[in-house]
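Participant: If you scroll down you'll find the structure; I have some questions about it.
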Amino acid sequence: MSFKLRDAKPGDEAAIVALIEALADYEKLRDHCVATPEAMRDALFGAEPSCECVLAELDSGRIAGFALFHNTFSTFLAKPGLWLEDLFVYPDLRGLGIGKALIARGAAICAARGYGRYEWSVLDWNAPSIAFYESLGARRKEGWFTMRLDGEKLAALARKA
């Protein structure tokens with residue numbers, strides 16, 4: 001079975017949301033998933049896009065997986081970077097090299113744009129993904145935790161500004 005990678009385009013939003021929902025199911029986080037095709041259309045193709053997406057498409061036309069990226073910035077390097085927000089391949093299509101191709105596309109984007117870093121997070125229980133990333137040469141950032149403000153805590157802090 002062969003596939004090609006392509007940039008997402010208008011009209012792909014429903015397929016992207018289906019991938020996001022499948023990822024949320026896999027990560028046992030479906031109750032947190034509120035993405036809609038309309039929201040993804042705005043995020044990807046609106047007046048000020050906030051992310052970009054690469055899709056893996058089988059020769060049959062079936063969407064097999066995706067990688068969704070957005071920019072970051074490193075003050076230490078004084079350069080932008082790329083954050084891999086999500087990478088997902090449908091379980092029945094794993095082992096075909098799709099995940100590796102998608103993550104390599106992100107590395108190629110970084111190199112072409114002169115970015116200093118390519119980063120992402122992985123759930124600590126997701127041993128298959130950790131092993132996959134390490135097989136590509138990625139390393140864990142020991143000593144760092146991801147911190148998050150959202151919902152009412154975010155709103156409350158914003159009111160103090």
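Participant: Under 7 Å between Cβ atoms, at least 6 apart or on separate chains: pull out the pairs that start in the stretch 1-22 with a residue that is more than 19 Å from Glu85 (Cβ to Cβ) and end on any residue that is of a type in the set (Asp, Glu) and surrounded by 14 or more Cβ atoms within 10 Å (Cβ to Cβ).
Facilitator: Phe3/Glu57; Lys4/Glu57
Participant: Assess whether Ser60 counts as being surrounded by 11 or more Cβ atoms within 10 Å (Cβ to Cβ) and either out of contact with any Asp or Glu (no Cβ under 9 Å at 6 or more places or on another chain) or under 18 Å from Arg117 (Cα atoms) (or both).
Facilitator: Working: surrounded by 11 or more Cβ atoms within 10 Å (Cβ to Cβ): no; either out of contact with any Asp or Glu (no Cβ under 9 Å at 6 or more places or on another chain) or under 18 Å from Arg117 (Cα atoms) (or both): yes.
No.
Participant: For the stretch 18-49, how many residues meet the condition of being exposed (fewer than 11 other Cβ atoms within 10 Å of the Cβ) and in a loop (DSSP other than H, G, I, E, B)?
Facilitator: Qualifying residue count for the region: 4.
Participant: Quick one: Phe66 ticks every box in (1) modelled with pLDDT under 95; (2) under 27 Å from Met1 (Cα atoms); (3) not basic (Lys, Arg) except a single one, so which number is it?
Facilitator: Here Phe66 clears every test but (1).
Participant: Looking only at strands (runs of 3 or more DSSP E) that fall completely inside the stretch 57-161, which ones have 1 or more residues that are among the charged types (D, E, K, R) and touching a residue at least 12 places away in the same chain (Cβ under 8 Å)? Steps first, answer last, please.
Facilitator: Values: elements: 63-74, 79-89, 117-119.
In the stretch 57-161, 79-89, 117-119 are the strands (runs of 3 or more DSSP E) which contain 1 or more residues that are among the charged types (D, E, K, R) and touching a residue at least 12 places away in the same chain (Cβ under 8 Å).
Participant: Filter the stretch 119-159 for residues that are surrounded by fewer than 10 Cβ atoms within 10 Å (Cβ to Cβ), under 27 Å from Arg105 (Cβ atoms) and aromatic (Phe, Trp, Tyr) and give the result.
Facilitator: Hits for the stretch 119-159 are Trp125, Trp144.
The values are calculated or read from the model by the stated rules, or taken from the named source; none is laboratory data. Computed from a predicted model, the values in this text were never measured in an experiment. Cβ sites come from the backbone with ideal geometry, for glycine too, and all protein chains shown count toward neighbours.
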